[in-house]
Structures are given as C-alpha cells and as structure tokens.
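Participant: One structure, as structure tokens, below. Some questions next.
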Amino acid sequence: MYWIVLIFYICLLQQKLTDMKNWIFGLFLVAFFATFNACRFGRRHSTIVETSNNNYLKIEYAGKVYFNEAGTEISHISPGGYVKYEKNEKKLEAEDNGRGGVKYELYNNGEKLAMDENGKKFIAEAVHNMMRKGFTPPNKN
C-alpha cells in the first residue's frame with residue numbers, strides 16, 4: 001500500500017497538480033492501484049470447507065502451490081501465495097519464505113507445534129488430505 005502513496009506523491013511533484021482535473025485523475029490512479037492490489041488480480045484463490053459428524057475441514061490457498069513427488073510436503077509456493085489447512089483442532093499455515101522454500105506454522109488446540117517428527121507427520125497428513133479432496137497443483141515446468 002505504501003508504494004501506491006509513493007507513486008501518488010511522485011506524480012504530484014512531477015506534474016504539479018494544481019487544478020481539480022489533475023487531482024481527480026491522481027485520486028483515480030490511487031484508487032485503481034489500491035483495488036488492483038486488494039483483489040490480488042490474477043492470483044488463484046480457492047477455499048474448500050467440509051463439515052460432517054463433528055469433523056471440520058477447511059483448505060484455503062492462494063497463488064501456485066506445489067507438492068513434492070512423494071506427496072508428503074509442500075515443495076514450493078509462489079511469492080505472496082499461502083496455504084491454510086484446518087482439520088478439527090489442528091491447523092497448518094504455509095507461505096513462501098522469500099528464498100524459494102516454504103515457511104510452516106503448525107498448531108494443535110491453539111498451541112504451536114514444533115517441526116519435529118510429529119510436525120512432519122501432520123504436514124504429510126494435511127497434504128494427503130488436500131490431494132484427496134481434489135487439490136491438484138499445476139505442473140511445475
């Protein structure tokens with residue numbers, strides 16, 4: 001959002017917006033870029049929610065998400081993308097770490113889980129459930 005304000009001020013200084021017409025045009029540009037940014041234009045976003053017999057499952061993701069060959073972890077998420085997986089009291093949040101990897105946050109009953117063997121098992125279970133529910137990532141080519 002800061003870059004939108006910066007662009008507006010640069011335009012303000014360069015064009016010396018003095019009349020109302022230029023101010024309206026400048027405000028229109030700011031509104032356009034704010035809307036463009038807020039809508040995540042061009043980014044895929046999906047949500048799957050399922051409830052039955054005291055079970056709750058929610059899968060939400062944005063951007064491009066790729067699984068490893070074994071289907072046990074998320075191998076890559078496009079910049080700005082994320083995955084949110086929730087099954088009953090367990091929760092997984094994953095996003096691009098900015099260096100080509102994936103940053104995970106795992107929770108059970110609101111308590112943060114460590115990335116130990118149990119954490120890796122939970123990730124594998126989550127990926128397996130996502131694939132079973134029809135989440136099919138695009139080919140990474």
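Read-outs throughout are calculated quantities, based only on the coordinates presented, and are distinct from any laboratory measurement. Worth saying up front: this structure is predicted, and the values here are computed from it rather than measured. Backbone-built Cβ (ideal geometry, glycine too); neighbour counts: all protein chains shown.
Participant: Checking the table K64/K90; K64/K112; K112/K133; K84/K112; K103/K133; K58/K90 against a 18 Å threshold on Cα-Cα, which pairs fail?
Facilitator: Values: K64/K90 23 Å; K64/K112 26 Å; K112/K133 25 Å; K84/K112 15 Å; K103/K133 23 Å; K58/K90 11 Å.
Table pairs above 18 Å Cα-Cα are K64/K90; K64/K112; K112/K133; K103/K133.
Participant: Output the relative contact order of segment 38-105, whole-number percent, from Cα pairs under 8 angstrom with separation of 6+ residues.
Facilitator: Values: 131 pairs, mean separation 15.9, N = 68.
About 23 percent, as a whole number.
Participant: Counting only Cα atoms, I'd like the Rg/Rh figure for segment 45-132, Kirkwood definition for Rh. Please report the intermediate quantities before stating the final value.
Facilitator: Numbers: Rg = 12.4 Å, Rh = 13.1 Å.
Expressed as Rg/Rh, it is 0.94.
Participant: Here is a further query. Under a point spin-label approximation (7 Å from Cα along Cα-to-Cβ), what is the E117-T47 distance to one decimal in nm?
Facilitator: Here the modelled spin labels are 3.8 nm apart.
Participant: Size of the dipole of segment 45-132 about the Cα centre, Lys and Arg at +1 and Asp and Glu at -1 on the beta carbon, nothing else charged, in debye to 20?
Facilitator: Working: 12 positive and 14 negative charges, 21 e Å.
Dipole about the Cα centre, nearest 20: 100 debye.
Participant: Tell me which residues come under 5 Å, amide H to amide H, from S75 once H is placed; ignore anything under 5 positions away on its chain.
Facilitator: Distant-sequence amide H within range of S75: Y66, F67, N68.
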